[in-house]
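Enquirer: Mind looking over this structure? Questions follow.
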Amino acid sequence: MAWFGKLFGGTLGFMFGGPLGMIAGIAFGHMFDKAGEYPGGAQQQGNPFQDRAPSFYSTQDQSQMLFFVGAFSMLARIASVDGKVTGSEQQKVEEFIRRDLNLGQREHDAALRVFDAALTGGGTFDQFAAQFYENFSHAPNILQLMIDIFYRVAAADGNVNKAEEDMIRKGATIFHIPSYFVDSLCRKYGGCSISEHAYAVLNISTTATDEEVKKAYRKMSIEFHPDTLATKGMGEEFLIHATAKFREIQEAYEEIKKERGIK
């Protein structure tokens with residue numbers, strides 16, 4: 001991702017403010033010139049992390065960095081809502097970093113830096129989610145992926161407790177995600193049957209008509225196709241999780257087709 005190189009080269013002037021900007025400032029502040037110097041030698045007076053989006057930072061850079069900081073800040077709040085981060089929850093976050101995002105060691109360390117900063121820094125989950133939604137309201141598929149990741153981390157220790165469930169549901173409300181979708185994920189991570197899970201993946205009920213099944217499949221196949229997400233400004237590292245989701249959609253549809261005899 002382009003912004004990683006700028007960040008670790010010490011040349012990334014800060015891209016956004018708000019509560020997520022504060023977390024990024026805590027996580028990466030030491031990487032900037034102590035004198036407050038920005039690219040080109042200009043001196044910045046006052047807070048070196050106030051809103052700045054210079055023209056040489058692309059919209060994609062800004063989008064990717066906000067996704068990165070927002071995702072791990074919200075995950076930190078989910079993991080710690082019951083007072084502590086368990087070893088299994090930490091492991092699930094690490095799994096998301098390495099397996100789903102396929103990040104290298106340098107980026108892996110940056111993700112954990114954001115996660116740790118959010119554990120100790122200011123800002124609430126609701127504030128993080130609101131800023132995230134403000135920037136990704138145009139991409140409901142990305143918002144749905146985040147809810148899926150929230151549940152995965154919350155369920156890492158064997159169950160999703162009430163505090164975790166309430167926080168995830170609040171995030172879904174802020175993201176304007178329908179309750180049936182959240183219910184489907186709750187069932188997914190709560191041990192529903194294979195058949196029920198297939199319907200849940202497509203965000204439909206088991207009573208849906210064959211035409212409704214086909215329509216839901218076509219809609220989700222387009223929304224979660226890696227090429228579609230790429231046009232939203234996501235880097236290739238973040239597309240790995242989307243590709244897995246796309247594959248899950250294909251498998252769910254095939255299962256339902258087989259069960260119903262749909263041609």
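Enquirer: Filter segment 87-104 for residues that are polar (S, T, N, Q) and assigned to a helix (DSSP H, G or I) and give the result.
Expert: Within segment 87-104, 88, 90, 91 meet the criteria.
Enquirer: Conditions: (1) part of a helix (DSSP H, G or I); (2) touching a helix residue (DSSP H, G or I) at 6+ places or on another chain (Cβ under 9 Å); (3) without any contact (Cβ under 8 Å) to a residue 60 or more places away in the chain; (4) more than 20 Å from residue 203 (Cα to Cα). Residue 109 meets all but one. Number of the miss?
Expert: Exception for residue 109: condition (2).
Enquirer: What tally of residues in segment 61-86 results from selecting those that are open to solvent by 10 Å² or more (accessible area, probe 1.4 Å), at pLDDT below 85 and not in a loop (DSSP other than H, G, I, E, B)?
Expert: Counting residues in segment 61-86 that are open to solvent by 10 Å² or more (accessible area, probe 1.4 Å), at pLDDT below 85 and not in a loop (DSSP other than H, G, I, E, B) gives 2.
Enquirer: Moving on to the next point. Go through segment 179-229 and tell me which helices (runs of 4 or more DSSP H), entirely inside it, have 3 or more residues that are free of Cβ contacts under 8 Å to residues at least 24 places away in the same chain.
Expert: 179-188, 210-223
Enquirer: Next up: For segment 168-178, which positions are open to solvent by 10 Å² or more (accessible area, probe 1.4 Å) and in a helix (DSSP H, G or I)?
Expert: 169, 170, 173, 174
Enquirer: Within segment 115-123, is even one residue under 21 Å from residue 148 (Cβ atoms) and charged (D, E, K, R)?
Expert: The answer is no; no qualifying residue exists.
Enquirer: Something else about it: Quick one: count up the residues across segment 124-165 that are open to solvent by 10 Å² or more (accessible area, probe 1.4 Å) and either of a type in the set (A, V, I, L, M) or modelled with pLDDT under 90 (or both).
Expert: Summing the residues that are open to solvent by 10 Å² or more (accessible area, probe 1.4 Å) and either of a type in the set (A, V, I, L, M) or modelled with pLDDT under 90 (or both) in segment 124-165 gives 13.
Enquirer: Could you check segment 159-178 and list, in sequence order, the residues that are of a type in the set (Val, Ile, Thr) and free of Cβ contacts under 8 Å to residues at least 12 places away in the same chain?
Expert: Of everything in segment 159-178, just one residue is of a type in the set (Val, Ile, Thr) and free of Cβ contacts under 8 Å to residues at least 12 places away in the same chain, namely 173.
The values are calculated or read from the model by the stated rules, or taken from the named source; none is laboratory data. Small disclaimer: the values here were computed from a predicted structure and weren't measured. All Cβ positions, glycine included, derive from the backbone under ideal geometry; neighbour counts span all protein chains shown. Protein only, heavy atoms only, side chains kept; ligands, DNA and RNA dropped before computing areas. Shrake-Rupley method; radii C 1.70, N 1.55, O 1.52, S 1.80 Å.
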